[in-house]
Every structure is written in C-alpha cells, then in structure tokens.
Amino acid sequence: MRFADIQMLRYDLPGFEALTPSQKAYIYYLSEATLWGRDITFDQFGKYNLLIRRTLEAIYTSKLQTSEQASEGAEDSSEAASLETYLKRVWFSNGIYHHYGCEKFVPEFSREYFINKVRETDDSLLPLPKEQLLDTIVPVIFDPTLLPKRVNKTNGEDLVATSACNYYEGLTQKEVEKFSHQHPLNSTLRKIDGTITEDVWHIGGKYGKTIEKIVDNLLKARQYAENEQQKKIIDLLVEYYHSGDAKVFDDYCIEWIKETEGRIDFVNGFIEVYGDPLGIKASWEGIVEYKDLEACRRTKAISDNAQWFEDHSPVAKQFKKEKVRGVIANAVCAAMIGGDEYPSTAIGINLPNAEWIRAQYGSKSVTISNFMKAYDEASKESGFLEEFVSDADTISMIRKYGEQCDSLHTDLHECLGHGSGKLLPGVSQDALKAYGNTIEEARADLFALYYIADEKLLDLSLVPDMEAYKASYYTYIMNGLLTQAVRIKEGSDYEEAHMRNRALIAQWALHHSDGNVEIREVTTADGETKHYVVIHDYEKLRTSFGILLAEIQRIKSEGDYEAARDMVETYGVKIDPTLHHETLLRYKKLNIAPYKGFINPKMTPVFDAQGQITDVTLDFTETMEQQMLRYSTDYSIH
Ligand code: ZN
C-alpha cells in the first residue's frame, strides 16, 4: 500500500509456529505491553496530536458508515481523499509532523471543508465539545507558522521554544540546560509561577493510566517467562514504571544486558532521545523479538571457522592474525513493534544508550532479519532490477540467490572481516586519519567478497552451490558503479565511508579488470541511451578482489596514509556526472517511495479452561487503516 511518500510492508514471523505455547504466550503479553504505549508517543510528539488524530478518526469512521447512502460531489470527494491521506500520514508519523524531516504536514483540504466535517460529526465521537475543539486544533492544522517543526535544530535559535515536541512547557533552552534533571529521560518540564517542576512519567503521574496497562501486561507476560533472569528484568521494569526512579531504570538496563539465554527478548520504555532537540527526554518505544535460529546457525558456523578463513586469505602472512576470534552476530525476528518504533522502524538494535553502562557492562546488538527480508522483497517488486540489471539471466540469478547472499555478505563482513588482519608493531590505529573508516569498510567488504565465492562455504552448507556468489558480485559492482548514486544529489561527491568504500572497490575492479568488468552503453528501441554493468568472468573478478584485499590490508597494517589517500581519492569519491544524471533519471521514473513502514501481525490468544494460553494465532490480513483504528480503540485511554 502506498500513500504520500510512504509504502507499507508486512513482515513474516518465521519459526513462530514452532515456538512452545508458553513462549508464544510470553510474546503475546509482551506484544500487548508494546501496543499500549502508542498514545504516549503521540502525545510526546506534539501536544495536539491525540486531539487531532481522534477528530480525524471520528470524521473518517462516520464517512465509512455513511458512504453508501451519500453520493458526494466531485470537489467534495477530492477533499475527502486529501483528508484521508492526511490521516494516514498522522497515523504513520505518530502525529502531524513528518516522521523523518519533522516538518508539519500541509493539509491539502480546505479549512472550510474540515470545519464542516467536524460540525457534521456526531458529538459523542469527538474528543471535545465541537466549538472548543475547532478553536483548539484548526489553527494548529492550518496555520503554517504555528508550531511548524517537531524538532528544530537550527543553530542560533531557541531550540526548546521553537520545537513542537511536548517535553517542555513555558521554558527557554537556557532554562532547560541549567536545570538539574532528576528524571532526565522520563519527565515533562513545566514552569509554573516561575518554578520549574518535573512532571514524571510513571504510575500515578503523567501517562499513569497508560503505563498501568503496560504494567498489567508485563506482569501477565512474567508468568510465561523463559527463565529467572527475564522475571528479574520485568520486575525491575515494573518497579521503574511505578516509581519513575532513574536509578531503577539503570538497574533494569544492566540486568537486561545479562539476559542472553532466552529465545525471546524485548525493549519497552523511554529509550531514544532524537525527538528532543536537546537530546534529554526520551520517546516511548517497544519491540518484541525472538532469536532467528537459522541466522544464528550461519554466524556460528562462520565464527567457528574464523582461523581457517584468516589462514587462507590472500593477505601477506605478516599482516595476518596468528589467533583470530570470530564474532557471533545475533539476528532476531521482530514479533511486534510499538510507539516510536512503529510503523517506521530500525533494522537493528544496539542498547542500552547510557555510555557508562556500555563501558562497564557492554551492550546487546542485534539485526532484525525479518525486516531486512521484507525490504529486500519490496525492492524486488519495485522494477529496480529490471531497470538496472543488464539481462534477464542475471535478473533471475539475483532473484534466486540475492537475498541469501546479502545476509551472508553481511555476516562475513561483520563476523570475520572487521576482526581479521593486524597492524604492524608501532602503527597507530588512526594512522590513516580521515581515510581510515573507508579503508576499514573496504577491508571488511573485500574479505566478504573474496570468501563468498569460496568452496569452504559450500562445505559449511552456507551456500546452495557455486553459482550463488555471482549474484552477490553483480549487485555489488552495479551498486558501486551506478545505483548507489541515486542517494546522492547531482553534482555532489560520495562522503559517507560505506558509500566511498563500495565505489572504491567497484571502480578499482573496473579499472584493473582488463575488460572483464564493463560499463556497456546501450541504445534502447526509443533512442534512449542507458548504461549497464556487464561482468564477463566471475572467477577472474574474484582474483581481482583478492589482489585488492591484499593491498588494502597492507595499507592498513603499515599505516600507509599516502596510499590510503590515493586509493580513496582516485576511486572512492567522484561520481561520473553523465552516469549520475542518467541514473537519477532512470531511478526517478520507477517512482519508489522513499520511506517504508510495517503493518504488525494481529495476534489472537487461544485459552484453555483454566485461562492459560495454549496457542497464539497470527493474522496478516489486516490493512493499515483497520490496524490503526483498532489500536486507537483497543489501546487508548479515553
Ligand atoms: Zn563494517
């Protein structure tokens, strides 16, 4: 489903069926606790968001009920469509501001139309008496100068006074900065009669009724926990939701890091501070996840053989590690997302955020494999491959192996690549200065590219055959030479380290391939000029990757700054202006939505006579509209 600049996707829950009834029940109640936080996020993202959402929903549902009898005029129906799009955007962004850019939405329906619709709506459906409601929200929706940005970070302005996020009332930036926060993450600051107070988010305080619902469900989940440590975590979180005590939250985070045995894990609380221009107050978010056993098997197989990979790499012996330890990457499947994580979400989690806890106790880091898979599938349907890949055989090869190879490439990069090789004695970590990050990423990518074509992976059952790696090679080179430039404005260079590294590898391979890698110019039937990547001999390309890996490792190991600079500046920075222009045009024609979000599965518990859950069924058929309306009804305190 597509609206405005958004595409909605669904995600599968692979392996959910095979979980025990108790594990499913644990996930179910943790999911309920996740869904309950939604209105907190709405309120945090703007003082009027909930009023506006409820008003729009009232108009929308009334229209659904009457649309059969009423035949609207053409003008009215275009306004109705605009109002519906606006509501979807509000749902998607948890408020009236763009989820990414933070600017206020400009309604494409008229003030008169909106006022009439509110007046026609049944009083009982609206959140306030009509005239009071209109006086409150009409200026907020229609006056572009009123509260225009959720988070304003423009240097020189009073960031607190000019941001619409709902964390501070009647305060200036100076006052907030000077204030000593007892509850930095979880309170609203208010200035009343010259005194600043913290309105703490806990049971008995602000958001108290909603937090009670979250706690109810956490306690129900507790009886299905997989181990004692999970119970301990829940107890601490519940204690924190009661007291609002920042110290208890720290204790909770520390215990949360320690729990690695269970299959199921969750995040629930006031976590990320991006929504506050000063980075102090945290938005509410929730996610429930379970380990992706297949992906964990993959990274374990790779890590267990880390020494073999190190010993057999094409790198010179003096730059190799005598003893290398592979990293085990943890992949999870998301089961439910809520609050600031819904519907637009991250594909990885690395928590807790508190630096002192990370330094002392470490952190947990996971990638969310079912989200990555859903993105991958969406891109296959976008027409992207058909536009940019040279021929039908290569397209079907990428469709067959691409996704599997993407995951494998990431695993090799993370579990082995970054950990391989060593610096010669006396060489500083920072010897390559500004080029260090690009060289490091290139090293990890080349390690992955070199080994994804190795028979060792077949022995470890990580690839189905010796053809699979070709999909990975083709897309890597295509991305590095052509398509990654769609994210760069015309006339600009590559700046980000990962993008520079991909350009570097692909350009180097192009220039040192003796015609093996080619950018072929084709004139289409209607006279258009298009460029495609053609790779003649994949084994030969692997040899090139091996040579470059050896050289990049030498640069790193010796701290050869001059060589790093030449390598990056020659191959990794510039974009061919003609190709860039053509690529941007071709991409634009595909009309791919720049932002994506997820519809959650609908979970239904099955109870036995004693009230215990014996199963949880999943339904993936709900539309975004149905889901959002259900959440607004079932997970909202009115
Ligand atoms: Zn990396």
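Please treat every number below as a calculation from the coordinates, not as lab data. Predicted model, so just to flag it, every value in this text is computed and none were measured. Methodologically, a virtual Cβ is constructed for each residue, glycine included, from the backbone with ideal geometry; neighbour enumeration extends over all protein chains shown.
Order these peptides, 141-153, 412-424, by their mean beta-carbon neighbour count within 10 angstrom, highest first.
412-424, 141-153
Could you run the Karplus curve 6.51 cos²θ - 1.76 cosθ + 1.60 with θ = phi - 60° over region 180-186 and give me ³J(HN,Hα) per residue in whole Hz, x for Gly and Pro?
Ordered by residue, 3J(HN,Hα) equals 9, 7, 7, 10, x, 7, 10 Hz.
In whole angstrom, note down how far apart the Cα centers of region 141-172 and region 535-597 are.
41 Å
Evaluate the Debye formula for region 239-347 with equal point scatterers sitting on the alpha carbons, no solvent, and hand back log10 of I(q)/I(0) at q = 0.12, 0.15, 0.22 Å⁻¹, in q order, two decimals.
-0.65, -0.84, -1.21
Residue by residue through region 204-218, what is 3J(HN,Hα) from phi via Karplus (6.51 cos²θ - 1.76 cosθ + 1.60, θ = phi - 60°)? Round to whole Hz and write x for glycine and proline.
3J(HN,Hα) across region 204-218, in whole Hz: x, x, 4, 6, x, 5, 5, 5, 4, 5, 4, 5, 3, 6, 4.
With each pseudo-label sitting 7 Å past Cα toward Cβ, what's the Ser82-Ala18 distance in nm, one decimal?
It is 5.3 nm.
Along the charge dipole of the chain, Cβ charges K/R +1 and D/E -1, which of Tyr450, Ala4, Met372 sits furthest on the positive end?
Tyr450
Mind giving me the nanometre distance, one decimal, between the label points for Glu108 and Leu458, set 7 Å out from Cα along Cα→Cβ?
Reported label-point gap for Glu108 and Leu458 is 5.4 nm.
What list do you get for Ser180, Ser303, Ser636 if you sort them by fewest beta carbons within 10 Å?
With the fewest neighbours first, Ser180, Ser303, Ser636 line up as Ser180, Ser636, Ser303.
Helix 74-93: angle to the longest alpha-carbon principal axis of the chain, degrees 0 to 90, nearest 10?
Approximately 70 degrees, to the nearest 10.
Using r as the Cβ-Cβ distance of Ile547 and Asn437, and R0 as 22 Å, what FRET efficiency do you calculate, to the nearest 0.05?
Efficiency, rounded to the nearest 0.05: 0.50.
Looking at the square roots a ≥ b ≥ c of the eigenvalues of the Cα gyration tensor of region 324-365, which shape do they give, rounded for a/c under 1.5, prolate if a/b is larger than b/c, or oblate?
oblate
Going by amide H atoms built from the backbone, whose H comes under 5 Å of the H on Ser187, apart from near neighbours?
Trp201, Ala282
Sequence-distant or interchain residues sharing an amide H contact under 5 Å with Leu351, placed H: which?
Lys364
Step by step: find N for the chain, compute 2.2 N^0.38 Å, then divide the Cα radius of gyration by it. What's the final number?
Dividing the Cα radius of gyration by 2.2 N^0.38 Å gives 1.06.
What size of dipole, in debye to the nearest 20, comes out for the chain about its Cα centre when the only charges are +1 on Lys and Arg C-beta atoms and -1 on Asp and Glu C-beta atoms?
I would put it at about 880 debye.
Going by average Cβ neighbours within 10 Å, how do the peptides 436-448, 368-380 rank, with the highest at the top?
Ranking, from highest mean packing down: 436-448, 368-380.
Per residue of region 232-238, what does 6.51 cos²θ - 1.76 cosθ + 1.60 with θ = phi - 60° give for ³J(HN,Hα)? Whole Hz please, x for Gly and Pro, Karplus curve as stated.
4, 4, 4, 4, 5, 5, 5
Based on other C-beta atoms within 10 Å, arrange Phe384, Phe45, Phe109 from fewest to most.
Listing Phe384, Phe45, Phe109 from fewest to most nearby Cβ atoms yields Phe384, Phe109, Phe45.
I need the peptides 18-30, 556-568 ranked by packing, meaning the mean over residues of other C-beta atoms within 10 angstrom, with the highest value on top.
Result, highest mean Cβ count within 10 Å first: 18-30, 556-568.
Please report the antiparallel percentage of DSSP beta bridges with both residues in the chain, rounded to the nearest 5.
Percent antiparallel among DSSP bridges in the chain is about 80.
What angle, in degrees between 0 and 90 and rounded to the nearest 10, separates the Cα long axis of helix 561-571 from the longest principal axis of the Cα atoms of the chain?
The angle comes out near 80 degrees.
Angle, helix 246-258 long axis vs. longest principal axis of the chain, Cα atoms, 0 to 90°, nearest 10?
Roughly 40 degrees, rounded to the nearest 10.
In region 361-515, what is the count of Lys pairs whose alpha carbons are under 18 Å apart, counting only pairs at least 8 residues apart or on separate chains?
6
How high is the relative contact order of the chain, given as a whole-number percent (alpha carbon pairs under 8 Å, six or more residues apart)?
In percent, rounded to a whole number, it is 17.
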